[in-house]
1. How would you rank 12-19, 28-35, 80-87, highest first, on the average number of other Cβ atoms within 10 Å across their residues?
2. For the stretch 37-97, with every protein chain kept in place, what is the accessible area per residue (1.4 Å probe, Å²)?
3. When you have a sec, figure out the Kirkwood radius of the stretch 9-51 from all distinct Cα pair distances and drop it here in Å to one decimal?
4. Quick check on the chain: take the gyration tensor over C-alpha atoms, sort the square-rooted eigenvalues as a ≥ b ≥ c, and tell me if it's rounded (a/c under 1.5), prolate or oblate.
5. Label-point separation (nm) for LYS82 and THR39, each offset 7 Å from Cα along Cα-to-Cβ?
6. In whole percent, and with a 1.4 Å probe on the protein chains, what portion of the accessible area of the chain is carbon and sulfur?
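The values are calculated or read from the model by the stated rules, or taken from the named source; none is laboratory data. Since the model is a prediction, treat every value here as computed from it, not as a measurement. Methodologically, a virtual Cβ is constructed for each residue, glycine included, from the backbone with ideal geometry; neighbour enumeration extends over all protein chains shown. The area values use the complete protein model at the heavy-atom level, side chains included, leaving out ligands, DNA and RNA. Shrake-Rupley method; radii C 1.70, N 1.55, O 1.52, S 1.80 Å.
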Amino acid sequence: PTTVTNDIQVTVTSNGTTIGPDTHFTGGSTLVFTVTDQTNFSNCEWTIDGEEEDPTNEYSLSVDTSGWAPGTYVVYLEAQDKNGKYYSYTAQIKVGN
């Protein structure tokens with residue numbers, strides 16, 4: 001399941017299907033996190049459990065959960081709007097046995 005808190009609108013898909021908070025998905029799925037309002041935000045920085053990610057597109061992060069050990073992982077996004085104000089997005093991914 002994923003648990004979400006945010007002040008940036010982000011769409012999450014699993015294998016092409018949009019998922020919402022507390023959605024269960026098949027182990028080994030690829031999750032794609034995409035900033036909805038790409039014209040208002042910039043300088044998007046993504047991390048998973050505090051480790052900075054380097055996506056090919058700053059507005060989208062693709063996460064392959066294959067091989068992840070059981071546990072809870074935190075996806076975090078921080079971005080600036082056109083006025084320089086910072087916003088964030090947080091999602092938790094819980095991987096079961």
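1. Result, highest mean Cβ count within 10 Å first: 28-35, 12-19, 80-87.
2. About 61 Å² of surface per residue is accessible.
3. So the Kirkwood estimate lands at 12.0 Å.
4. Verdict is prolate for the chain.
5. 0.8
6. 44
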